[in-house]
Structures are given as C-alpha cells and as structure tokens.
Amino acid sequence: MTKITRRIAMLALSAAFAFTGTAVSFADDKIKLRMSYSGSKTDQRSVAFEEVFAPAVADFAEYKPSYNSSLFDQGTELEAMARGNLELTFASAQELAQYIPEFSIFTAGYVHQNADHQLAVFAAPLMDDFKKKVEETLKVKLLSVIYLGRRQLNLRPSKDELMVKTPADLKGVNLRMPGTDSWQFLGKALGASPTPMAFAEVYTGLQSGAIDGQDNPLPTTVDKKFYEVTKQIVLTSHLVDLNYAAISLKTWNALSADQQKTLEKAATDAAALGRKNQLAQEGELVDFLKKQGLEVYEPDVAAFRNAVQAAYKDSDFAKSWPEGVLDKINALGK
Ligand code: KDO
C-alpha cells in the first residue's frame with residue numbers, strides 16, 4: 001500500500017468515526033468553529049480571522065482559535081478534521097499534496113509569481129478539480145487562498161562566513177524545511193541539505209545550532225523573532241507561499257445556504273485583509289531587519305530559479321500535474 005493510499009485509508013476510517021461520533025457540542029445554539037494551526041496570535045492570518053471572520057459569522061457560529069500548534073501538531077490538522085475534532089485550519093498545499101499528489105504544483109518553487117497571481121489561480125476554473133478532490137478525498141472544503149509571502153533564506157552564519165550567490169553556495173548547509181516530502185524536495189532543489197523540523201521548534205533549533213537556517217516570508221521571520229538567532233537574509237523569493245482556509249465538509253454541510261454564503265465571504269474578506277497586511281509588512285521589514293543587524297541581500301535569483309525549475313521539471317511531482325495546468329497557471333501570471 002503506498003504512503004498516500006495509507007494516509008487516505010486512515011482519513012476515511014477517522015471520517016467514518018466522525019460521522020458516528022457525537023456532533024460538536026453547542027455551548028448555546030451556535031456552531032463551534034475550532035481553528036488550529038501553527039501560527040502565532042500576532043500572525044496576520046490570526047489577526048485577520050479574529051477581526052473579520054469571527055464577527056461576520058457571529059450570528060450563527062462561535063470562532064475558537066488555537067495558536068502555535070497548541071491544539072494539534074503542525075501537519076495533523078487535516079486528520080483531526082476528518083475525526084470530527086476540528087472544524088477549521090489553514091492548510092498548506094504541501095500537506096494536501098501528501099494525499100492529492102497534483103497539489104504539488106502549488107508547492108513548486110517559482111511557480112506562483114505574486115499575491116495577485118495566487119488569487120487569480122484560486123478563482124480560475126483550473127482550480128475546480130483540485131477543490132473537488134479535496135472535498136472527495138479529505139472531506140474538507142477550501143474556502144479562500146491565504147497569501148503568506150515570498151519565502152526567503154534566513155541563515156545563522158554571517159555573510160562573511162557564508163555568502164550565498166547561487167545554489168552551489170548552499171551545498172552542505174543544514175536548512176530546516178517543514179516536514180512534508182514536497183518541502184524537503186524544495187530544500188534540495190535550492191542546493192541545501194534539508195532537515196525536517198516542526199515550525200514550533202525552529203527558534204530553538206537556530207539558537208542551539210541544530211540547524212544552519214530556515215526559510216519563511218519576512219513577516220513570519222519577524223513575528224517569530226528568528227532574526228534574534230540568525231545573521232543574514234538571502235532574498236531568493238523561492239516560493240510565493242500560500243495556505244488555504246479550510247473547513248470540514250461535515251460542518252459546511254450542516255450550514256444553511258445563507259450561512260454558507262456568509263461564511264465563505266467572511267473567509268475571503270479575512271484573507272484579503274491578511275494579504276494586504278502581509279504585503280505591507282514585506283515592504284517595510286527589510287529595513288527593520290537591517291536595523292536588527294542582519295545582512296539582507298539578493299543572490300543570483302535567476303540561478304536559483306533555473307536550478308529549482310529544472311529540479312521540478314524532471315521530478316515525480318511533475319508527473320502528477322494534470323496536462324496543461326502549468327501553462328494555464330503561467331498564463332494567469334502578469
Ligand atoms: C513553516 O513551517 O515554515 C510554515 O511556514 C509552513 C506553512 O505552510 C505554514 O504551515 C506555516 O509554517 C504556519 O502556518 C506557521 O506560520
């Protein structure tokens with residue numbers, strides 16, 4: 001049995017229990033929407049969903065966020081939803097690709113060009129089959145696309161100790177990447193030696209020297225204070241990163257048509273506020289990080305883009321990409 005079918009079998013089993021399990025308890029007559037993910041309370045997704053999503057659904061639902069993986073470990077949220085123990089999460093394309101291989105097209109470096117491109121792709125007809133597969137396979141509905149920002153390299157060694165111009169300069173660098181296969185592949189495509197590590201452990205991993213660096217968008221690197229234990233940022237912009245706001249289908253199907261419309265709009269509007277704030281932060285954080293004493297510089301981005309695209313082109317991931325979808329995605333870019 002392949003890893004993917006084993007995961008789907010386990011999900012199906014948990015989903016079966018969910019349908020026989022008790023419905024989510026109702027404090028009053030409102031539906032409880034437990035949200036769990038690995039971001040912090042000050043992460044722009046958390047701020048936007050508390051400020052926009054929660055009040056917009058307050059007539060019929062109670063939004064209950066848990067941050068920093070305090071309810072479920074990073075990467076286990078989809079299984080928790082299948083078991084009926086969680087209603088909402090921010091799912092990554094990398095986690096979805098573990099069950100639905102074609103989602104790896106959204107994990108490939110240098111495919112999405114910017115936030116507007118991500119938004120256009122999520123709304124395009126090419127996305128319909130992807131969304132349908134998530135509902136059929138994982139019993140989860142994707143509500144909106146969340147802009148996380150351009151992922152940049154963030155390294156412990158100083159620029160004098162390690163100057164990064166091309167992927168060859170990353171040879172042997174122990175770069176933490178999140179734990180799923182497609183993240184590890186991206187780390188290798190960048191030229192590094194990737195190490196899987198949960199987001200919650202990255203700060204101490206950097207502080208102790210267990211890892212040589214990590215990659216995340218600047219707002220995340222600042223929000224988690226990774227700059228306190230690193231010395232440089234290399235502006236590779238190797239992945240315009242995203243999450244999807246996702247709800248369990250069981251919860252979605254229990255809503256009336258009006259409630260579904262309100263909830264989906266609330267998730268879209270919250271994603272829009274988060275995107276606006278994330279983009280604003282990306283614009284001002286280079287100066288902030290330089291003021292913290294980090295060296296921030298551009299490598300030979302074309303060398304990174306060529307190496308990463310070549311790695312994906314010949315990869316097993318690319319074999320799972322539906323015919324013509326990459327061309328459609330590229331055509332939607334500026
Ligand atoms: C991370 O673990 O580096 C990552 O950025 C991966 C993203 O897909 C997402 O899971 C994110 O962490 C968390 O939401 C924390 O910001």
Got at least one residue in segment 31-47 being more than 20 Å from P217 (Cβ to Cβ), modelled with pLDDT of 95 or more, aliphatic (A, V, I, L, M) and more than 16 Å from the ligand (Cβ to nearest atom)? yes
Condition first: away from the ligand (no atom under 14 Å from the Cβ) and of a type outside the set (S, T, Y). Now tell me which residues in segment 143-165 satisfy that. L143, L155, R156, P157, K159, D160, E161, L162, M163, V164, K165
For segment 122-136, does any single residue satisfy the condition of being within 16 Å of T251 (Cβ to Cβ), part of a helix (DSSP H, G or I) and more than 17 Å from the chain's Cα centre (by Cα)? yes
On the given criteria, is K224 in contact (Cβ under 8 Å) with a residue 40 or more places away in the chain, among the charged types (D, E, K, R) and touching a Phe, Trp or Tyr at 6+ places or on another chain (Cβ under 7 Å)? yes
Some residue of segment 231-252 being within 16 Å of the ligand (Cβ to nearest atom), assigned by TED's automatic domain parsing to the domain that holds M177, over 30 Å from Y312 (Cα atoms) and of a type outside the set (K, R): no
Selection from segment 246-272 of residues that are of a type in the set (G, A, S) and in a helix (DSSP H, G or I): A257, A266, A267, A270, A271, A272
Every listed condition ((1) over 23 Å from N306 (Cβ atoms); (2) open to solvent by less than 30 Å² (accessible area, probe 1.4 Å)) holds for E135 save (2)
Could you list, in sequence order, the residues of segment 273-295 that are open to solvent by 20 Å² or more (accessible area, probe 1.4 Å), touching a residue at least 60 places away in the same chain (Cβ under 8 Å) and part of a helix (DSSP H, G or I)? L273, R275, N277, L279, Q281, V286, F288
For segment 152-173, how many residues meet the condition of being open to solvent by 10 Å² or more (accessible area, probe 1.4 Å), within 19 Å of A311 (Cβ to Cβ) and outside any helix (DSSP H, G or I)? 5
Which of the residues spanning segment 201-218 are assigned to a helix (DSSP H, G or I) and more than 9 Å from the ligand (Cβ to nearest atom)? E201, Y203, T204, G205, L206, Q207, S208, L218
Residues in segment 296-318 that are assigned to a helix (DSSP H, G or I) and either exposed (fewer than 14 other Cβ atoms within 10 Å of the Cβ) or in contact with an Asp or Glu (Cβ under 6 Å, 6 or more places away or on another chain) (or both): how many? 4
Would you check which residues across segment 90-110 are of a type in the set (A, V, I, L, M, F, W, C) and outside any loop (DSSP other than H, G, I, E, B) and list them? F90, A91, A93, L96, A97, F103, I105, F106
Step by step: first the residues of segment 166-185, then only those that are away from the ligand (no atom under 16 Å from the Cβ) and closer than 21 Å to V111 by Cα, then the one that is nearest to the chain's Cα centre (by Cα). Which residue is that? P167
Inspect segment 186-195 for any residue being modelled with pLDDT of 95 or more, near the ligand (Cβ under 10 Å from one of its atoms) and within 15 Å of the chain's Cα centre (by Cα) and give the result as yes or no. no
Considering T107, T76, which residue is polar (S, T, N, Q), open to solvent by 10 Å² or more (accessible area, probe 1.4 Å) and either in contact with a Cys (Cβ under 6 Å, 6 or more places away or on another chain) or within 16 Å of the ligand (Cβ to nearest atom) (or both)? T76
Quick test of your reading of the structure: N243 fulfils all but one of (1) open to solvent by 30 Å² or more (accessible area, probe 1.4 Å); (2) touching a helix residue (DSSP H, G or I) at 6+ places or on another chain (Cβ under 9 Å); (3) not in a helix (DSSP H, G or I). Name the failing condition by number. (1)
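The values are calculated or read from the model by the stated rules, or taken from the named source; none is laboratory data. Just so we're clear, the structure is a prediction, and the values are computed from it rather than from any experiment. Using ideal geometry, Cβ is built from the backbone for each residue, glycine included, and neighbour counts are taken over all protein chains shown. Each accessible area value is taken on the protein alone, full model and side chains, heavy atoms only, with ligands, DNA and RNA left out. Shrake-Rupley method; radii C 1.70, N 1.55, O 1.52, S 1.80 Å.
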